[in-house]
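Below is one structure, written out as structure tokens, with a few remarks after it.
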Amino acid sequence: MEKLIIEGGKPLYGTVRISGAKNAALPLIAATLLAEGIHTLNNVPDLRDTRTILRLLESLGITWERHGTTLRIDSTNLTYSEASYDLVKTMRASVLVLGPLLARLGKAKVSLPGGCAIGARPIDFHIKGFEQLGVTCRLEQGYVDAEIDGRMQGSTIFFDVPSVTGTENLLMGAALAQGTTIIKNAAREPEIGNLVDMLTVMGAEIEGRGTDRLTIHGVERLYASESEIIPDRIEAGTYLIAVAATGGEVTVTDCNPAHLPSLLDKLRVAGMEIKELGNTITLDATGRQKIKCVDIKTMPYPGYPTDLQAQFMALMAMSDGVSIVHETIFENRFMHVAELHRMGADIAIDGHMAVVKGVGRTGFYGAPVMATDLRASSSLVIAGLAAKGRTEISRIYHLERGYEQMVEKLTALGATVWKEQE
Ligand code: UD1
């Protein structure tokens, strides 16, 4: 296993290019199962999670090749319909093959994801939705065994809570169903818009893109196509928060500022100067000694993203006041708090809320800490970059699930950071 070493306390300067979005690449790769032929996906990040879903596709009989950031996936020989526990347990988003397998083969056996560091995260909405489309789902020995004779039947589906992968899974299934499906209270994350665009190019008929009501008129066939993965808003947000924490001035390029409405507003309130120009965002924190405190509450898009909660909490822990971080999406997403304490933070947790008493920009010091999940790990990186002295973060495989070339990108911004074997 590898650990990450950071010699902190240096401001960041320069330009960093944002990669394609992990959370868009995963559903778009799964969507290639819907139509035989050779699909082309551009701007695909090379991450542990994208490799996992490609291994899953291989296990179903699919072949693929990568040329730089372009993936060519040949979905012609879709032969198997089982997603095993070994793959699903390492990445919950493996459940995204359920809809395409049911649409193309009429059956799918997908392991239940089980618990993960940030909470129970069930897939009951996915299962209920497919049952409404006429699928028979049995839960046996840790697997969902799903089957339908013929095509799925259009229906109206309502989500109690907007689910991102739930919306994506049902969109893919409904695209090839007979008749019209309406998904009410659908999630509105930009990654879903990316999937709608890809399905539309493949021949699907979908109305309501970007809204919480998606209407899908099922078609008999979809066709292989070419699509582009949108920029990773969470990666962009992580670098912006890092610069706010360390000071300095950085431009993130190849991103979409419109996908980060809530974060940019919070960073401005925290006292940062931010310029949005085309597909770039520049954050200038030069000479700012103080970070103002600001509360956040995680919400479905366009609210503040839960995937940027841990990073913003690290920033608020260096502010000059008290802020409240309210996590409404996942029940156990404060694993980073105990690790941030080791670096000087003063944070008290009360249920879904954390009361963060800022210790000032210079109040953090380096320490050995442990990464617990993907976004918690990036909050430790931010804390380590801002802290005085050396931080060692173990179990950085979590980071590699979602951040492409983080060490190289941070080094180019002037950080002193490297990997070592544990
Ligand atoms: C996706 C993202 C993840 C992000 C999350 C919330 C991907 C690959 N992952 O995860 O990075 O943190 O959205 O923005 O895109 N729920 C149920 N039953 C279900 C499904 C969800 O109760 O069947 C609950 C969850 O426990 C959670 C809420 O609904 O409280 C939203 O979860 P959901 O949007 O489904 O998260 P994911 O799609 O797994």
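What follows draws every value from the coordinates through simple rules; no lab data is involved. Treat the numbers as computed from the prediction; the structure is a model and nothing was measured. Reconstructed Cβ throughout: ideal geometry from the backbone, glycine too, with neighbour counts over all protein chains shown.
In degrees, nearest 10, range 0 to 90: what is the angle between the Cα axis of helix 48-59 and the longest Cα principal axis of the chain?
20 degrees
Which pairs, out of Lys275/Lys388; Lys22/Lys107; Lys22/Lys89, put more than 23 Å between their alpha-carbon atoms?
Long pairs (Cα-Cα over 23 Å): Lys275/Lys388; Lys22/Lys107.
Label-point separation (nm) for Ala348 and Glu273, each offset 7 Å from Cα along Cα-to-Cβ?
Computed distance between label sites Ala348 and Glu273 equals 3.8 nm.
Which value does Rg/Rh take for segment 297-422 over its C-alpha atoms, Rh per Kirkwood?
Radius of gyration over Kirkwood radius for segment 297-422 works out to 0.95.
At Asp46 and Val161, where each label point lies 7 Å from the Cα along Cα→Cβ, what is the point-to-point distance in nanometres?
3.7 nm
Using a Cα-Cα cut-off of under 18 Å, which lysines could be cross-linked to Lys184, ignoring same-chain neighbours fewer than 8 residues away?
Candidates past the 8-residue exclusion: Lys128.
For Ala285, what residues show an amide H to amide H distance below 5 Å, using hydrogens built from the backbone and excluding near sequence neighbours?
Distant-sequence amide H within range of Ala285: Gly248, Glu249, Val250.
Between Thr286 and Val322, what FRET efficiency comes out of the Förster formula 1/(1 + (r/R0)^6) with R0 = 22 Å and r the beta carbon distance, rounded to 0.05?
0.25
Note the full-extension length gain between Glu422 and Arg55 as 0.36 nm times their separation in residues minus their Cα-Cα distance, in nm to one decimal.
Taking Glu422 through Arg55 to full extension adds about 129.5 nm, to one decimal.
Determine, for each peptide in 212-218, 145-151, the mean count of other beta carbons within 10 angstrom over its residues, then list the peptides with the highest first.
212-218, 145-151
Given Cα pairs under 8 Å that are at least 6 residues apart, what percent is the relative contact order of the chain?
21 percent
Based on alpha-carbon positions alone, could you give the equivalent ellipsoid semi-axes of the chain from the gyration tensor, as √(5λ), descending, whole Å?
Square roots of five times the eigenvalues give 38, 21, 20 Å.
Which order do the peptides 234-243, 270-279, 361-370 come out in when sorted by mean C-beta neighbours inside 10 angstrom, highest first?
234-243, 361-370, 270-279
Could you sort 337-350, 315-328 so that the peptide with the highest average Cβ count within 10 Å comes first and the rest follow in order?
Packing proxy ranking, top to bottom: 315-328, 337-350.
Would you kindly derive the ³J(HN,Hα) couplings of segment 382-388 from the backbone phi angles with the Karplus curve 6.51 cos²θ - 1.76 cosθ + 1.60 (θ = phi - 60°), listing them in order in whole Hz, with x for Gly and Pro?
4, 4, x, 5, 8, 6, 7
Counting only DSSP beta bridges with both residues in segment 22-228, tell me the antiparallel percent, nearest 5.
That works out to approximately 75 percent antiparallel.
So what's the back-of-envelope 222 nm ellipticity for the chain, counting only DSSP H runs of four-plus at -39500 (n - 2.57) apiece and dividing by all residues, rounded to 500?
-9000 deg cm²/dmol
In segment 22-228, if the dipole is taken from +1 on Lys/Arg beta carbons and -1 on Asp/Glu beta carbons about the Cα centre, which of Phe159, Thr136, Gly210 is farthest to the positive end?
The listed residue farthest towards the positive side: Phe159.
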